[in-house]
Amino acid sequence: MRAMSTTKPRRAPVRPSRREEYSESTRAALVTSAIELFAEAGYAAASLDAIASSSRVTKGALYHHFPGGKKELFRAAFDQIERDVHERLSAVLEADRGTPWDAAVTALHAFLDMCLEPVYRRVVWQEGPHVMGFGEWWECEERHSLGLIASIIERLMDAGQIVRLPIEPLARTLSGALASAATAMGVSAEPQRTRAEFEQVIARLLQGLRPGALA
């Protein structure tokens, strides 16, 4: 007699309903319009009426998705931009076929280049600290960046390309340096020059972590 299988059949994934899909697409449209208007006009000048109109929804629909109004919508826009940057940097790291050190240097170049992009520069680095308050802004920034920085550091240590140090303090130190660079570029009258100077300094700091650098 054949034994009965105790393996439960897998359930097919539940597809969202049309209403859920519409709700999600409406929310995404609002966030996209908010990003564009916050980057173009700034937080203070970007009105909810303009964002709703650009998204082709009513202001009531906007408040349905973002009952906290413009500030809640700004947080959603901020998070979306940061997620996009995180994905792009992750793709840069995955595409690099060199050593972990080569990949880290490539990611540094890419990040500093992204900081010159108008949307990232204005919404995250110029507007973010003022709209959200420094504490909340910094917490959100670290939530998006710290894990990626820590993973890069861990790869470098495992490959013996930098000295082994406590990962979290080192990740926070580098995160602070990168945030300083991005903030300085955000307010600089000559952002390209500021970018080049910070890249030189941060690259030199990283070189100091190489084995034998302090010998």
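The values are calculated or read from the model by the stated rules, or taken from the named source; none is laboratory data. These numbers were taken from a predicted model, which means no experiment stands behind them. When we count neighbours, we look across all protein chains shown, and the Cβ atoms used for this are built from the backbone with ideal geometry, even at glycine. With ligands, DNA and RNA removed, areas are computed over all heavy atoms of the protein, side chains included. Shrake-Rupley method; radii C 1.70, N 1.55, O 1.52, S 1.80 Å.
Laid out as a table, the results:
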| item | result |
| --- | --- |
| Some residue of the stretch 11-27 being at pLDDT 95 or above, within 30 Å of A110 (Cβ to Cβ) and within 20 Å of the chain's Cα centre (by Cα) | no |
| Any helices (runs of 4 or more DSSP H) falling wholly within the stretch 27-142 and containing at least 3 residues that are of a type in the set (D, E, K, R) and touching a residue at least 40 places away in the same chain (Cβ under 8 Å) | 70-95 |
| Near pairs, Cβ below 9 angstrom, 6+ apart or cross-chain, from the stretch 148-164 (assigned to a helix (DSSP H, G or I) and modelled with pLDDT of 95 or more) to any residue that is surrounded by fewer than 17 Cβ atoms within 10 Å (Cβ to Cβ) and aliphatic (A, V, I, L, M) | A150/I167; I153/L165; I153/I167; E154/I167; M157/V163; M157/L165; M157/I167 |
| Condition check for S188: out of contact with any Asp or Glu (no Cβ under 9 Å at 6 or more places or on another chain) and under 19 Å from E117 (Cα atoms) | yes |
| Residue in the stretch 55-100 that is modelled with the lowest pLDDT, counting only those that are among the basic types (K, R), open to solvent by 60 Å² or more (accessible area, probe 1.4 Å) and more than 14 Å from the chain's Cα centre (by Cα) | R97 |
| Residue satisfying all of: in the stretch 175-184; touching a residue at least 24 places away in the same chain (Cβ under 8 Å) and aliphatic (A, V, I, L, M); surrounded by the most Cβ atoms within 10 Å (Cβ to Cβ) among these | A182 |
| Given (1) of a type outside the set (A, V, I, L, M); (2) in a helix (DSSP H, G or I); (3) over 20 Å from H109 (Cβ atoms), number of the condition E197 does not satisfy | (3) |
| Breaking point among (1) in contact with a Gly (Cβ under 8 Å, 6 or more places away or on another chain); (2) within 19 Å of V85 (Cα to Cα), for P211 | (2) |
| Which listed residue is surrounded by 21 or more Cβ atoms within 10 Å (Cβ to Cβ) and closer than 13 Å to R122 by Cβ, from A46, A41 | A46 |
| Test: G133 is out of contact with any Lys or Arg (no Cβ under 8 Å at 6 or more places or on another chain) and at positive phi | yes |
| The stretch 195-212 residues that are of a type in the set (V, I, T), paired with ones that are in a helix (DSSP H, G or I) and surrounded by 12 or more Cβ atoms within 10 Å (Cβ to Cβ) (beta carbon under 6 Å, 6 or more apart) | I202/A177 |
| Number of the exception - E36 against (1) within 18 Å of K59 (Cβ to Cβ); (2) open to solvent by 80 Å² or more (accessible area, probe 1.4 Å); (3) at pLDDT below 95 | (3) |
| Residue list for the stretch 142-151, filter: of a type outside the set (S, T, Y), open to solvent by 30 Å² or more (accessible area, probe 1.4 Å) and over 20 Å from P129 (Cβ atoms) | G147 |
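Condition check ((1) surrounded by fewer than 15 Cβ atoms within 10 Å (Cβ to Cβ); (2) among the aliphatic types (A, V, I, L, M); (3) in contact with a Pro (Cβ under 6 Å, 6 or more places away or on another chain)) across all residues:
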residue: G160; (1), (2), (3): yes, no, no
residue: E168; (1), (2), (3): yes, no, no
residue: T173; (1), (2), (3): yes, no, no
residue: G186; (1), (2), (3): no, no, no
residue: R195; (1), (2), (3): no, no, no
residue: V201; (1), (2), (3): yes, yes, no
residue: L209; (1), (2), (3): no, yes, no
